Amino acid sequence: MAQRTARSRLLWLLNKTLNRVTSQIARSGRGPFSLIRHVGRKSGRIYETPVILAKVPEGFIAELTYGENVNWYRNVVAACGCVVVHHRVEYRVTTIELCSAERGRSAYPAPFRLVLKAAGRNEFRLLRTDQLQPPS
């Protein structure tokens, strides 16, 4: 129970501090961050969550740092999709598929790949997409 409370506090802190900064970076189109725009499964509200995604021909690979029980992922699964904003271009996620750890890690650039492997990260998802907004 104490571990769950500590995790909840950490997620709250990240949401209130770090996510605000990384969201601004993602909106600028610079840096490694993308935004996941999703609809709250209970509130119906639109949320934007900053994440680091790897671009692949079919869409994007997402590493689930905090597992499947984070709100953005649960909302995306419940809604059967979301919008990814990557370098100021919008993509509609049409399906979400399991992705092997090997394929997931290999999709990321070398520095991220090394960190993911050293941290033992194994939970990856393929977010299949259609492009909504052409690059400007």
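The values are calculated or read from the model by the stated rules, or taken from the named source; none is laboratory data. These figures come from a predicted structure and were not determined experimentally. Methodologically, a virtual Cβ is constructed for each residue, glycine included, from the backbone with ideal geometry; neighbour enumeration extends over all protein chains shown. What goes into the accessible areas is simple: the full protein's heavy atoms, side chains included, and nothing from ligands, DNA or RNA. Shrake-Rupley method; radii C 1.70, N 1.55, O 1.52, S 1.80 Å.
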Check your understanding: Mind checking which residues of region 45-69 are of a type in the set (Val, Ile, Thr) and open to solvent by 80 Å² or more (accessible area, probe 1.4 Å)?
Key -> Ile46
Review point. Scanning for something over 20 Å from Asn122 (Cα atoms), open to solvent by 50 Å² or more (accessible area, probe 1.4 Å) and of a type in the set (Lys, Arg), does region 86-102 turn up at least one residue?
Key: yes
Check your understanding: Do you know which of the residues in region 103-136 that are of a type in the set (Ser, Thr, Tyr) and farther than 30 Å from Lys42 by Cβ is most open to solvent (accessible area, probe 1.4 Å)?
Key -> Ser136
Review point. When only residues in region 30-86 that are of a type in the set (Gly, Ala, Ser) and without any contact (Cβ under 8 Å) to a residue 24 or more places away in the chain count, which is farthest from Thr5 (Cα to Cα)?
Key: Gly31
